[in-house]
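Report on the structure given below.
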Amino acid sequence: MTKDKVLEVLKLYKEQLQTHYKPIRLTDQKWRTISPFSSSVSGEWFGEVLDHVLWMCDEIPKFDDLEKIMRWLGYIQGVLHVTGHYTLDELREQCRTK
C-alpha cells in the first residue's frame with residue numbers, strides 16, 4: 001500500500017468522523033482513565049477514542065516512515081471496526097488498489 005492510497009483512505013475516515021468528533025490527542029494519563037477494562041467506565045470511552053483517531057488521521061500525512069504510517073492505519077482501522085463503523089470486509093476493500 002502506498003502513502004497516497006493511505007491518504008485516500010484517511011480522507012474517507014476523516015469525512016465520516018469530523019461531523020461527530022473533534023481531533024484531540026489523548027495523553028497516557030487520559031488513556032488510563034478511559035480504559036474499557038476499567039470497572040468505572042462503560043461505552044462512553046468510544047467517543048474519546050474516536051476523537052483520538054481523528055487526531056491520528058491529521059497526523060499521518062506528516063510522516064515519511066511508511067512502516068509507522070501502516071501501524072497507525074492499522075490502529076485506526078481496528079478502532080473503526082470495534083466501534084462498528086466498518087466491517088473487516090469493508091476495511092479490506094478500502095485498502096485495495098483499483
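Every read-out reported here was derived from the displayed coordinates using simple, explicitly stated rules and does not represent laboratory data. Predicted model, so just to flag it, every value in this text is computed and none were measured. In this analysis, Cβ positions are derived from the backbone assuming ideal geometry, glycine residues included, and neighbour counts consider all displayed protein chains.
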Inter-site label distance for K3 and H81 at 7 Å from Cα along Cβ, in nm | 2.6 nm
Sequence-distant lysines (8 or more away, or on other chains) whose Cα lies within less than 22 Å of K98 = K3, K5, K11, K14
Under the Karplus curve 6.51 cos²θ - 1.76 cosθ + 1.60, θ = phi - 60°, whole-Hz ³J(HN,Hα) for segment 69-76, x wherever Gly or Pro sits = 4, 5, 4, 5, 4, x, 5, 4
HN-Hα J couplings of segment 77-82 from phi, Karplus 6.51/-1.76/1.60, θ = phi - 60°, integer Hz, Gly and Pro as x?
-> 5, x, 5, 4, 6, 4
Check the straight Cα-Cα distances from K22 and name the aspartates and glutamates below 13 Å, setting aside those fewer than 8 residues away within the same chain.
-> E48, D51, D58
Rank the residues I60, I76, I24 as a footprinting-exposure proxy: fewest other Cβ atoms within 10 Å of their Cβ go first.
-> I24, I60, I76
Per-residue ³J(HN,Hα) for segment 61-68, Karplus 6.51 cos²θ - 1.76 cosθ + 1.60, θ = phi - 60°, Hz, x for Gly and Pro | x, 7, 8, 10, 7, 4, 5, 5
